[in-house]
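A short write-up of the structure that comes next.
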Amino acid sequence: MSYTSRFAALVVVALALGSAGDAQAQRAKNTERVSRPIVPTESTLKERINEWTVGLAGGLLEGAPIRLATEISRIVNDGENLHVLPIVTRGPTENVNDLLYLRGVDMAIISSDSLEEYKSQVPDIQQRLTYILNLFPSELHIFVRPEIRSLQDLAGKKVNFNTQGTAAAFSGPLIFSRIGLDVEKMFIPHPVALEQMKRGEISGVVFITSKPIDAFLKGRWDPGFKFLPLKYDSRFEDYYLPTSIESTDYPTLLANGERIDTIAVPTVLIAYNWRNTGDRYRRVARFVDRLFSRIDKLHAPGFDAKWKDVNLNAKVPGLERFRAAQEWLNANTAKVGMRP
């Protein structure tokens, strides 16, 4: 072989070896690129965390609404696909204010009559808010000393409505005002008030929460302590529901088969009336689908027993249903066989 031919052959071999080396190096780089984890930037993490996070205003730490909000979050949270933040607030009435004006609050749990306070300052309040779900009712309990025989006997007497920010502290005086009953209102913790009531320092206490209440179910009460009835009539049609307290609720305070008429304040899960093309609407719509599809998970042990009584179709007086919630019901009610 001539020198020229040998040189040409060496060049070909060198080029081939070089190409193979380049290819091997590229494969090594690709392998390294695949094996090396891609670390998202801080802005990407921030966007990912916030994209499907919704804020749910609950209430005071000692109240039922924050517990409900926490239980809801337990069954709907879905990693990066949906994250519900239960928010401790100053109470169900303040939750309306938070939903209207506080950043990061998409939904709230309120007492239905909380809207009454906003009618003057926000005349279109019922157009700005929508309801997702009528949760369970909070029954009115008017518990009095033996010498009190009727509501009229409470006139001018000391009556406790629990601490400010609770449902009783707002709804109780409102209900008493509607029936024209003027009492000396107190706003101290109910456990303290109950002890004062036993000593005769307070004539009555007003609870507004889901029955049965441990203070009456497990407490020891002398004969004569009792619940007073309040009949449902046209004065309560805008926000309230008729109900009763039964002997099965408090067997040590009511005779077998005895029933005390009273009213209930619906506890409602509401949302702002977002435009259905916006990001906030999409988040709440995803929440609705997840909650309604998994509502039976709340019937399991460890959750509030009242969840078993929740009817997805139950309406709320004076409010329109959140559009995505109504659409879900229209598409699924027959399939899941809910009560009408």
Sum of -39500 (n - 2.57) over DSSP H runs of 4+, divided by residues of the chain (222 nm, nearest 500): -11500 deg cm²/dmol
Taking 0.36 nm per residue of separation and subtracting the Cα-Cα distance, what length does fully extending Leu61 through Arg282 add? 76.7 nm
In Hz, Karplus ³J(HN,Hα) per residue of the stretch 201-214 (6.51, -1.76, 1.60; θ = phi - 60°; x = Gly, Pro): 7, 10, 8, x, 10, 10, 10, 10, 6, 6, 7, x, 9, 4
Taking 4 °C and 1.567 mPa s as the conditions, I'd like the Stokes-Einstein D for the chain in µm²/s, using the Kirkwood hydrodynamic radius from alpha carbon pairs. 55
Could you give each residue of the stretch 284-296 its phi-based ³J(HN,Hα) in whole Hz, using Karplus coefficients 6.51, -1.76, 1.60 with θ = phi - 60°, and x for Gly or Pro? 5, 4, 5, 4, 4, 4, 5, 5, 5, 6, 10, 4, 5
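Of the beta bridges DSSP finds with both residues in the chain, what % are antiparallel, to the nearest 5?
Percent antiparallel among DSSP bridges in the chain is about 65.
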With label points built 7 Å along Cα→Cβ from the Cα atoms of Asn50 and Gln121, find their separation and express it in nm. 2.7
Within the stretch 54-93: backbone nitrogen closer than 17 Å to the Val39 label point (7 Å, Cα to C-beta): none
Taking the C-alpha atoms of the stretch 203-340, how large are the radius of gyration and the largest Cα-Cα span, Dmax, in Å? 19.0, 61
If the chain between Ser293 and Val88 were fully extended at 0.36 nm per residue, the gain over the current Cα-Cα distance would be 71.2 nm
Which whole-number percentage describes the relative contact order of the chain, with Cα contacts under 8 Å and a sequence gap of 6 or more? 21
If you build the Cα gyration tensor of the stretch 271-340 and take the root of 5 times each eigenvalue, what three semi-axes come out, in whole angstrom, biggest first? 22, 14, 13
Length gained, Gln164-Ser244, 0.36 nm per residue minus C-alpha separation, equals 26.2 nm
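Bear in mind these aren't lab numbers, they're just calculated from the coordinates by the rules spelled out. Remember, it's a predicted structure, so these values are computed and weren't measured experimentally. For neighbour counting, all protein chains shown are included, and Cβ atoms are generated from backbone atoms with ideal geometry for every residue, glycine included.
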